[in-house]
Amino acid sequence: MEEDYEVNKQSSFNEASLKMKRLHESQVIINQLRTNLLAWNNEANKYNYEVVTSVLISLMSELRGKLKEDEKTIAYKWRELLIDYLELKPIYHTINKSIFIKDKETLIFNESNWRAFRKLLFLCEDFIKEMIEVHNLGSPNIEEEGGWD
C-alpha cells in the first residue's frame, strides 16, 4: 500500500515536470521559426507558419486542463479560427500557366492573406502566453515568492 502511494506521488510529479518541459520546448520551436515564418521547413515538409500554427494548437491542448471554462471556449475558438483561416484563405496557392504541360505550375503568394494571418498568429500566441502566466505554468517572476533567490 505504501509502495503504491510512492509510485503515484512520483508519477504526478513527473507529469508536471514533463508538462513544463513540453511547454518550454514548444516555445523554443516558435521562437526559432518566428525569424522566417514564410520559409519552407524541410524537416516538417510544410511552411514555418504552418508548423507554428500546429505548435500553438498543441500548446492550447497542453493548457486545456488548467483553463477555466470561459478560457477553454476562447482556446477552442482560436484553434478553429487558425485552422479555418488557412483552409479558406491560403497564404500560397499554385496555378497552372499551361494548358498542355502540368509542370508549368507557379506558386503564388497572397500578401493580404499573409498579413491578416500573421496578426492572428501573434494574437493567438499572446493569448497562450497570458494563459501560461495566469495559471503559473511559466518561469517564476522575480517578484514572486521563491523566484530568483
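The values are calculated or read from the model by the stated rules, or taken from the named source; none is laboratory data. Remember, predicted model here, so these are calculated numbers, not experimental data. Positions of Cβ are backbone-derived with ideal geometry, glycine not excepted, and every protein chain shown enters the neighbour counts.
Within region 83-129, restricting attention to residues that are acidic (Asp, Glu) and surrounded by 10 or more Cβ atoms within 10 Å (Cβ to Cβ), which residue is farthest from residue 59 (Cα to Cα)? The extreme case among them is 105. Taking the criterion of being under 17 Å from the mean Cα position of the chain (by Cα), at pLDDT below 95 and polar (S, T, N, Q), would at least one residue in region 138-145 satisfy it? Scanning region 138-145 turns up no residue that is under 17 Å from the mean Cα position of the chain (by Cα), at pLDDT below 95 and polar (S, T, N, Q). Right, residue 111: at pLDDT below 95 and among the acidic types (Asp, Glu) or not? Against the criterion (at pLDDT below 95 and among the acidic types (Asp, Glu)), residue 111 does not qualify. Of note, residue 76 does not satisfy the criterion of being in a helix (DSSP H, G or I), closer than 20 Å to residue 29 by Cβ and not small (Gly, Ala, Ser). Residues that are of a type outside the set (Val, Ile, Thr), over 19 Å from residue 18 (Cβ atoms), touching a residue at least 40 places away in the same chain (Cβ under 8 Å) and part of a helix (DSSP H, G or I) within region 44-69 comprise 49, 56, listed in sequence order. Using the structure shown, decide if residue 45 is on the phi > 0 side of the Ramachandran plot and modelled with pLDDT of 95 or more. So residue 45 passes the test. Only residues that are aliphatic (A, V, I, L, M) and touching a His at 6+ places or on another chain (Cβ under 9 Å) were counted across region 66-108, and they come to 3.
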